[in-house]
Structure formats: structure tokens, C-alpha cells
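Working notes, structure below.
Taken together, the values in this text are just the output of simple stated rules run on the coordinates, not laboratory data. As the structure is a computational prediction, the values presented were derived from the model and not from experiment. We place every Cβ from the backbone using ideal geometry, glycine too, and count neighbours over all the protein chains shown.
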Amino acid sequence: MTTPDEDLPLAGTVVLLRPAADGFQVLLLRRPSRGSFADAWVFPGGKVEQGDRQPGAAEVDDARRAAARETAEEVGLTARDLVPLSEWRPPAEAPVRIRTWFFLALAPDAEPSPSADEVVELAWVSPAEALARHASGEWRLFPPTWLTLHRLSTFADVDAALASGGAVELFQTQVLDEGRAFGWAQGTLHAHTLPWRFDPV
């Protein structure tokens, strides 16, 4: 029996942004070759744990605390002033179903120090460069990461990107065409061949 989306476990992830000569960059990390995101490039983050929960707090605040804690644990950076960007709900077919809140934050000046257990390598790249590496087959991305990068690639600088947060978008994922495409109210991601293509509604 499928668990209702509202009862699914929660997670939080942080899209760290820093200014760059050609606009801005985001921090992405490659997971080890095990687990649900084996060898994938993702933003730092992870599941909400008991210590992240506060009585009476909204779930977005629990997810924010988890996102900040996981970012500190995984890449050694303190993420502050996390702006909610989106909530991603997994398809019914997913073997592991977790609702994930995405947040935007300005990266601190400190250099990241990756956790050896959770991070194989780190990269500061523009959203366009990350998408290009995926399109060439060099990087593996999952649809929420790909679409977040795709949407961020339209902004010219950090301030514009950060301003896009605050009004949370809900992405209720549907698997289409036997797994070769993914659909949301916002549009359809065609993922059967590289490069992927997003058709907005």
C-alpha cells in the first residue's frame, strides 16, 4: 500500500551559491558508488532526524535545520539564511519515497572540507556547466537536481537567483513513458536520451 505523500519521511537540501566572473556558481558533490544516489552529483543535504524537529514547528523549518546540519557534516560549511525554493514529492513507483525541501543560500567565504564517507569529489560550477557535463555523459544527475539547475541557469547573478526563492513550488513527480520522461504541473522532462529536454507547460 502506498504511503500518503504527507506521511513520507522528510529531507532538506541546500543549493549554495557564490558569485563568479560569469555570474554565479553552485556547489555540487558526487556521492559514493553505493546507496540511493550512487555516483550522482547532488546538492548537500539529507534526511530530517529527530534532533532537527522542534515541537510545533512547521515541517519546512525541520527540513531547513536538517539541510543546514547535513551541509555542515558533508562539506564543512555553515549555511545561513536558507530560503525555501521547492518541495519535491517522489513518484508512487519510487523504491524509496522521501519528500525533499530545496533551499537557496549564499555560500560562506570558507572553503569546503568534504566528508570522506559521504563525498567523492566537490565542484563549484555554473548551472550551465553542470548541465553541459550531464549532457555529455560525464556527470549523472537526478531529475530534481537537473531541473533545479535548468531553472537557475536563467538567472544572471546570485541576487537574482536568491530572489527566486521564498514562494515554494511543489513538484509532484509522475513517471511517464515507461520511465523515459517525468512530469509535473510545471512541465515534462524528456530523459530517454542525452541531452535531456524540459518542455514547460
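Could you list Arg34, Arg65, Arg180 in order of exposure, starting from the residue whose Cβ has the fewest other Cβ atoms within 10 Å? If you can, show how the numbers build up before the last one.
Values: Arg34 8, Arg65 18, Arg180 12.
With the fewest neighbours first, Arg34, Arg65, Arg180 line up as Arg34, Arg180, Arg65.
Report the local net charge at Val125: Lys and Arg +1, Asp and Glu -1, summed over other residues whose C-beta lies under 13 Å from its C-beta.
The answer is -1.
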Next on the checklist: Can you tell me the mean projection area, over all orientations, of the convex hull of the range 10-76's alpha carbons? Units nm², please.
Outcome noted: 5.5 nm²
Item to check | Order of Thr13, Thr78, Thr188 under a 10 Å beta carbon neighbour criterion, fewest first | outcome: Thr78, Thr188, Thr13
Item to check | Residues Ala110 and Asp5, FRET efficiency given R0 of 41 Å [Cβ-Cβ distance, rounded to 0.05] | outcome: 0.65
Item to check | Taking Phe102, Phe24, Phe198 and counting other C-beta atoms within 10 Å, the order from fewest to most | outcome: Phe198, Phe24, Phe102
Item to check | Extended-chain gain in nm, criterion 0.36 nm per residue less alpha-carbon gap, Ile98 and Glu73 | outcome: 7.0 nm
Item to check | Sorted largest first, extent of the range 98-201 alpha carbons per principal axis (Å) | outcome: 44, 31, 29
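For Arg34 and Val201, compute 0.36 nm times the residue count separating them, minus their Cα-Cα distance, and round to one decimal in nm. Intermediate results must be reported in sequence, preceding the final value.
Working: separation 167, 0.36 × 167 = 60.12 nm, distance 3.52 nm.
Gain in length upon complete extension: 56.6 nm.
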Checklist outcome for this item: By the C-alpha gyration tensor axes a ≥ b ≥ c (rounded if a/c is under 1.5, else prolate when a/b exceeds b/c, else oblate), the shape of the range 5-200 is rounded
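Hey, got the dipole for the chain? About the Cα centre, +1 on K and R Cβ, -1 on D and E Cβ, debye to the nearest 20? Working shown, then result.
Working: 18 positive and 29 negative charges, 51 e Å.
With only Lys, Arg, Asp and Glu charged at Cβ, the dipole is about 240 debye.
Just for the range 57-201, what percent of DSSP beta bridges are antiparallel, to the closest 5? It would help to have the intermediate numbers written out before the result.
Numbers: 16 of 20 bridges.
Beta bridges within the range 57-201, antiparallel portion: roughly 80 percent.
Using only C-alpha positions, report the orientation-averaged shadow area of the convex hull of the range 86-137, nm², one decimal.
Working: hull surface 23.6 nm².
Taking the Cα atoms of the range 86-137, their convex hull projects to 5.9 nm² on average.
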Next on the checklist: If I take every Cα pair under 8 Å that is 6 or more residues apart in the chain, average their sequence separation and divide by the length, what percent do I get for the relative contact order?
Outcome noted: 24 percent
Item to check | Shape category assigned to the range 150-201 from the gyration tensor of Cα positions, a/c cut at 1.5 | outcome: oblate
Checklist entry - Between Ala160 and Ala132, what FRET efficiency follows from the Cβ-Cβ distance if R0 is 30 Å, with the result rounded to 0.05? => result 0.90
